[in-house]
Amino acid sequence: MEKLQTVDLQVKRWWDKVNGNSYFSARMILNYGMKTEKTFFIPFQYGYGNFPEQKALELLKEKGYANSEHYSMWKFTESEKVIYRFTDHGFTLQKEVKHFGEEK
């Protein structure tokens, strides 16, 4: 497996006013701008706060980049000396959030 140098996590959120719930979707780009660049999509789902980062870390574990000792994205990127950039695009329309988390 190639060396992981950067993790870029981009998140869009939607607020369900009727039920008072927060949803999100995300894109995680590994090794942005490099030959080994890979993009993973985290589909539309319930979650608030740092839940998108938790789901991204689960995906990194699933793909073999992180292990069980990494209990947070901060811990993972700090211990592995990986550049981490997080962009929260904030709350937007539900259809935009759903589309953002889908692979094209």
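Residues to consider are A66, A56; find the one that is in contact with an Asp or Glu (Cβ under 9 Å, 6 or more places away or on another chain) and of a type in the set (A, V, I, L, M, F, W, C). Let's see the steps before the verdict.
Values: A56 fails: in contact with an Asp or Glu (Cβ under 9 Å, 6 or more places away or on another chain).
Of A66, A56, the one residue that is in contact with an Asp or Glu (Cβ under 9 Å, 6 or more places away or on another chain) and of a type in the set (A, V, I, L, M, F, W, C) is A66.
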Residue in the stretch 11-32 that is nearest to F76 (Cα to Cα), counting only those that are surrounded by fewer than 18 Cβ atoms within 10 Å (Cβ to Cβ) and either in contact (Cβ under 8 Å) with a residue 12 or more places away in the chain or in contact with a strand residue (DSSP E or B) (Cβ under 7 Å, 6 or more places away or on another chain) (or both):
I29
Within the stretch 68-104, of all residues that are hydroxyl-bearing (S, T, Y) and part of a loop (DSSP other than H, G, I, E, B), the one farthest from K55 (Cα to Cα) is T92
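Tally the residues that are without any contact (Cβ under 8 Å) to a residue 60 or more places away in the chain and crowded, with 21+ Cβ neighbours inside 10 Å, restricting the search to the stretch 56-75.
Initially, the stretch 56-75 is screened for residues without any contact (Cβ under 8 Å) to a residue 60 or more places away in the chain, giving 56-63, 66-72, 74-75.
If we keep only those that are crowded, with 21+ Cβ neighbours inside 10 Å too, we end up with 56-57, 60, 66.
Residues in the stretch 56-75 being without any contact (Cβ under 8 Å) to a residue 60 or more places away in the chain and crowded, with 21+ Cβ neighbours inside 10 Å: 4 in total.
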Against the conditions (1) modelled with pLDDT under 95; (2) in contact with a strand residue (DSSP E or B) (Cβ under 6 Å, 6 or more places away or on another chain), where does Y65 fall short? Just the number, please.
(2)
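Of the residues in the stretch 15-36, how many are of a type in the set (F, W, Y), under 21 Å from L57 (Cα atoms), part of a strand (DSSP E or B) and out of contact with any Pro (no Cβ under 6 Å at 6 or more places or on another chain)?
Narrowing the stretch 15-36 to residues of a type in the set (F, W, Y): 15, 23-24, 32.
If we keep only those that are under 21 Å from L57 (Cα atoms) as well, we get 23-24, 32.
Cutting the leftovers down to part of a strand (DSSP E or B) gives us 23-24.
Adding the requirement that they be out of contact with any Pro (no Cβ under 6 Å at 6 or more places or on another chain) leaves 23.
Residues meeting the conditions: 1.
The values are calculated or read from the model by the stated rules, or taken from the named source; none is laboratory data. Keep in mind that what you see is a predicted model, and the values were worked out from it rather than measured. As a convention, Cβ positions derive from the backbone with ideal geometry for all residues, glycine included, and neighbour counts pool all protein chains shown.
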